[in-house]
Each structure stands twice: as C-alpha cells, then as structure tokens.
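These notes concern the structure reproduced below.
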Amino acid sequence: MPKAKVNGVEVEFEAGMSVLQVAELAGEEIPRFCYHERLSIPGNCRMCLVEVKPGPPKPQASCALPASDNQEIVTNSPMVKKAREGVMEFLLINHPLDCPICDQGGECDLQDQATGYGRDDSRYALNKRAVEEKQMGPTVKTIMTRCIHCTRCVRFMAEIAGQQEVGLLNRGEDAEISTYLETAVSSELSGNINDLCPVGALTHRPWAYNYRPWELKKVEGVDVHDALGSNVVFQVRGAEVMRVLPRINDAVNEEWLSDKSRYAIDGLMRRRLDRPYVRRGGKLQEATWAEAFEAVAAKLGDSSPDRVGVIAGDLQDAESMKAALDLFGGAGVPNLDCRQDGAQIGGGPREAHLFNTTVLGLEEADAILLVGTNPRLESPVLNTRIRKAWFLNNARVGLIGEAADLTYPVEHLGDTHRAFEEAAGWGHPFAEALRGARRPAIIVGGGALARRDGGALVRAAAGAAQAFDVVREGWNGWNVLHTAASRVGGLDMGFLPRGGGMGAKAMMGAAGQGGLDVLFLMGADELDTRAIGPDTFVIYMGTHGDAGASRADVILPGAAYTEKPGTWVNTEGRVQFASRAVFPKGEAREDWAILRALSERLGATLPYDSIGALREKLISDHPTFGQVDYVPTGRPLDLSQVGADGTPSDEPLRSPVTNFYMTNPIARASLTMADCSAVRVQAPVPMAAE
C-alpha cells in the first residue's frame, strides 16, 4: 500500500484516496463546506486547503487532490492557517450576522469553523449582498442570503434523489441557488438537503423557531413509516418529540431519511387516543381501564374462539404481536393475521418473504426487475440504492406494473402477469440482460402481493426468477419489498391464520355479514371499517382516532412507536431494537402491557410481567428475533415453494401506495404531511409567500 506523511506522521492508505481522506486517516481535522463523503467532489469552497510536497509552494484543495506515494502533507503550517483565514473572511463577506435567530445556530458548520479557523475581524466594510428568498415547498425554509454556494443541495438532488430541480443560477456576485421554475421541490427526500446545508440557508420549515439543539435530549430509534427500518434519532424536549433525524447506518439507510419519516412526527400530538372509551347507547363515552376490560372480557367470554378475529396493523411492534399471539392463539382463536392489506405471502420458508439481496447488497445488482412495486413511493430511501446500482454499476432496471418516474431509466415490460411469459418467450432485450447478469435481482412489491390472485402472481414471479437463475451459489436475488414495518416480524412469528382460520380480508367480509362476534383491531386503520356489521363487536387498540377507532365499541389507547421500547424486523429480515423517547399520552399504555392486563382479566394470564421477560419468550419461541442487526446473505431458496397454485388474472398491477404522505394514522394526523400532499400530490404549484 502507498504511504504518505501527514504532519510528519507516516500513514498507509488505499490507492485512489484524496489528500483530505489521507489526512483524516492520520487523525487530522480538515475543515470543509462543499465536500461530503456521499456526494461528488466540486472543490469550490476552498476551506480544506493544505500544503503538499512535492508540489507548488501554495495551498491546495485537499478534497480534489489525489494522494500519492511518498507525499508530504502539512495541515497546520502558517501558510495553511493564513489561507484558511482568508477563505473564511471571503465566505463571511455577505453572510448576515443573524446567529441569534438562525435555526442552524448551535449546529452550524460555518459558525463552528469561523471560530476554529477564521480571524477575529473583517476588512470588508461595504454593504452586504441580499438574495430573494425561494419557495421550495412545505419542508424547506430558505434564507438564501446566508448561502455560500457549496452546492451540496444541488448535488444531492441530482445524484441521490434523482430530481434535478435545484441548481446554481447566474455567475459571480449574482450567483444563487434556486429551483429553476420557482416551484416546490417534489422529491420525497427533500428534508435531507436541510441536513446537508452547512450554513442555515436551508432549514426545516416545519420546525422553524421551535427549539434550540442544546435543549433536546437524543434517543436512538427505528422508523416505522415504511418497511426499511431506517435508523433515526428522536430529539425530545419535555413530553414531545421535537424532531427526527437520520442515524448513520450504511447497511440500511446510510444517512438519508424520507420526508414522511422525518416530518410526520407532529401527527403524534394530534388526534391522539389518551384514555379508554366504551360505546354506550350508540355513543363512545370515556371509561376507566377496568370498565373497558370488563366490556371486552364479557364479550370474549360469550364468544366462540372461531368467531373471534384479530388483525395486526402496519405499525405494530413484535412484542405486541407476540402478546396477542400468545393470548388469542392460546385461547384457540384461528383467525389471526398481520397482513391487513391481504398480502398473499407467508407460511413458507423465511427467505420467501425477505429482501434477500439485502439493502446494501442491492447496489451490486446489474439487472433488476421490479414487479408490482413503485419503490420511490413505497420506500424512497431504498429507491436510492436502486438508483445507485444504475448510477455506479450501470444496472438495467425493468418494470412489470404501472409506469412511473422512479428517478432512473426503466424499461417498461408491461403491466400484467403476461409480461413474464412475453419477456422470456420473445427474447426481450431486458430478459436477455437479466438472464446474462452476474447479480440479477427481482423485487416483488405489494402491487403483486395484495390481490386475490396474489399467491398465483408470486408463483409466476418465482417461476421467472427460476428461469433467469436469480438464486444461485452465493447470491439470492429474490426480494420482497413490504410496505409495513410490522409485516416481517409478524410473518416470522407466524401471526397468520391457523387451522383453516380466516385472513384479514376474509375477516372483514365475515364481519360485514355477521360471521364474527368479535373483531380485535391492533392499530389496523387501513381497512374499510364502515363495512363491519352491527352484530360484530369491535375492539380497537391503537394510538389515533382514525378508521379503526371510528367503528370501535371499545377503545384501548396504546403507545406510539416513539413511546415504547420495541422490536421491529425490516423487509430484509434485520431485527432492530428501538428505545422509548417519551412516555405515552394520558392514560395510554404500551400495547403488550394492555394485553397482559387483559389476559389476567380473562383468566389466562400471560407468563411475563416485563418487556425483558416478553423478549426472552419471543426469542425462545422464535430464535430469529435474537439475531439483532444481522442479515444472512446468499441463503439458498427453493423457488418452487414460493407462491400458490392458480392462474393470475389480467388485472393490471398497481402500487398499493397512491399518496406517499397519507399511508398511516400518524401521517394522516400530521399537518406537515397534509401540506406536502396538497402541494406535491394534488396541486403541484408554487407555495404562497409566508
């Protein structure tokens, strides 16, 4: 390996590294504004100047300078110090001194580096330049006079998000960052440019003037708004989660986060269920926990187990589903389902319902076939991995389903199951590319799974996977992209119909015709509860006054995902723990604790009194839950066992997500998500000036 000296200390480095990276290997701090590890290198802020020998006797930008063998790098010479002070003086020429009111104050790179590397005075005495504010949408607040033209936002939008909506206009003193047509940014990842901005020119509009960073307590957690399981940090003040920021995990979400995962948190404070309710005389009335449990126990005691149904919603943690499985499954209830959308998958080999390439491994794929999915809406951060495979690996992407702008070139093969046969039979160019690929992958989404013929469609997709040799030695390219954070955990523990029991769709049909005496909804809000007949007693355990609560006869208020320690399993099968950030609202309780208390009232007390004991039983009964943050790669899978027999219909495949911002009760309670939906989905027009 080549070697270089950094301030007299010899260090080995990999060929191709920049001088900045080599200096950091040696433990030296190099200031920078434009440089970012995950973006291309523009070399335009000049803050990372160092002295390099051999080379010209002048400071050089270390981010854009390749390191070479036997190079001498000096980061602390008088020449470097003076050069950095000069650069900082230029950067501050037009920057307003409004730190006391700036939302970036306290976590501002410019503020920090001006203190560490700038001078204590300025020789510039003329008036500062002012720049007109831009209207970039509900998530981005702009004060462009602060902008230092680092172009991080421009490069993120073009390279990662794939939406070339932000750019640098004009030249010299007239240069400014803007959306080209003065419209709202349409990307589902727009909040990341606020994180990237080093100076406070772009800040988070929904959180403006609400906090200072030093007021916030940080708690690590897991996002539940999609099935990716993005790693996040909940930042809390008092009893409220003030903001959610991404936590770096290169194997899952890198350091990006979708706008829904980031900004829907204001929905946690609205339309909350904070006390039990019981329907009396046709109206829901406040009740005590004892009264609510009495009503539930009385109805369950009068009902045969085969006339009781339990449906787990999309945001449930593994602990609550395990408690429900033990309570109702132990009582002989056969009607259990964690697939409220009716997805026809589960019950077979674990690999049949997982994202087997892994999220990180997807970048290695050189041919990807999407089946019934729109990953841009179903998992925007995972969609950046597919874009990266195309951008860096020249991967070809094909689509069977509804045509859409996915931010990268897509070959549309058709929108029905016949596209499988036609592509293979006609020698379609993409089919040949998939067949000849070194790392082929198929991604099956909810548009294929959540249909009456979903099992047959999955069988057709598995047949195509066999034909294209997607599963081979050391590589498993069979992937299922779920849309629900709870789905894989529920499938792994077998939260499924048993002994001829009904699935979620069948339960809803039976409830509409008097075929169920009791329907227990665990945060299941994506169902048409208006179709439930008057003879079915509905128990709703959840967090918001959404669809499930509107039809409930008894409401048991539960804790939101930020209000309880929980276990979630993402779409690739990665088990992740989240900590409690705040306590539940009002009289609400953690879901597993509610079920534990109910079990005692029913005379079938569950064998655990703490979250720790519950997790021990969960891991004992289902060992995969003990493999925390581990995902097996390349495991073999017999594709003949995937799916179900039958003939798929000719109905076109459609993504289950039509409005990215309104997919769960938390998002539907969020004012920010309502604004995003109105601006970006329903009426993509410029926002009015504040």
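Worth a mention:
- The three principal axes of the Cα atoms in region 54-145 give end-to-end lengths of 51, 32, 23 Å, sorted in falling order.
- Computed from the alpha carbon positions, the gyration tensor of region 1-154 leads to an equivalent ellipsoid with semi-axes of 32, 18, 12 Å, biggest first.
- Across region 229-289, C-alpha contacts under 8 Å between residues 6 or more apart give a mean separation that, scaled by the residue count, equals a relative contact order of 21 percent.
- For the peptides 179-191, 627-639, the ranking by packing is 179-191, 627-639, with the highest mean count of neighbouring Cβ atoms within 10 Å listed first.
- Sorted peptide list for 386-399, 2-15, 219-232, criterion being average Cβ within 10 angstrom, highest first: 219-232, 386-399, 2-15
- In summary, the convex hull built on the alpha carbon positions of region 398-555 has an orientation-averaged projected area of 12.3 nm².
- Check: the chain dipole with +1 on Lys, Arg Cβ and -1 on Asp, Glu Cβ, in debye: 620
- Spread of Cα-to-Cα distances over 10 Å intervals beginning at zero, given as percent, for region 502-648: 10, 27, 32, 25, 6, 0
- Between region 611-634 and region 415-480, the C-alpha centres lie 31 angstrom from each other.
- Gyration tensor (Cα) of region 372-412, equivalent ellipsoid semi-axes in angstrom: 15, 13, 7
- For Ala184, residues with placed amide H under 5 Å, excluding near neighbours: Met687
- Over the chain: helical MRE at 222 nm, DSSP H runs n ≥ 4 each giving -39500 (n - 2.57), nearest 500: -6500 deg cm²/dmol
- Using the average count of surrounding beta-carbon atoms within 10 Å as a protection proxy, the listed peptides 649-657, 533-541 rank, highest first, as 533-541, 649-657.
- Residue (of Val278, Val252, His225) at the positive-pole extreme of region 197-339, dipole from beta-carbon charges: Val278
- Using only alpha carbons, region 1-82 has a radius of gyration to Kirkwood radius ratio (Rg to Rh) of 0.92.
- Normalised contact order of region 448-600, rounded percent, pairs of Cα under 8 Å and 6 or more residues apart: 16
- Look at the alpha carbon pairs under 8 Å that are at least 6 residues apart: their mean separation over the length of the chain gives a relative contact order of 16 percent.
- Where Rh is the Kirkwood radius over Cα pairs, Rg/Rh for the chain: 1.01
- Along region 532-547 the Karplus relation, 6.51 cos²θ - 1.76 cosθ + 1.60 evaluated at θ = phi - 60°, assigns HN-Hα couplings of 6, x, x, 7, 9, 8, 9, 10, 10, 10, x, 10, 10, x, 10, 4 Hz to successive residues, with x for each Gly and Pro.
- The Rg/Rh ratio for region 580-673, using Cα coordinates for both the radius of gyration and the Kirkwood hydrodynamic radius, is 1.09.
- Span-rule helices in the chain, defined as complete DSSP H runs reaching 18 Å or more along the axis (Cα) with Kyte mean at least -1.0: 78-91, 380-393, 454-467
Coordinate-derived values only; no laboratory data. Just so you know, these numbers come straight off a predicted model, no measurement behind them. Don't worry about glycine lacking a Cβ; one is built from the backbone with ideal geometry, like all the others, and counts go over all protein chains shown.
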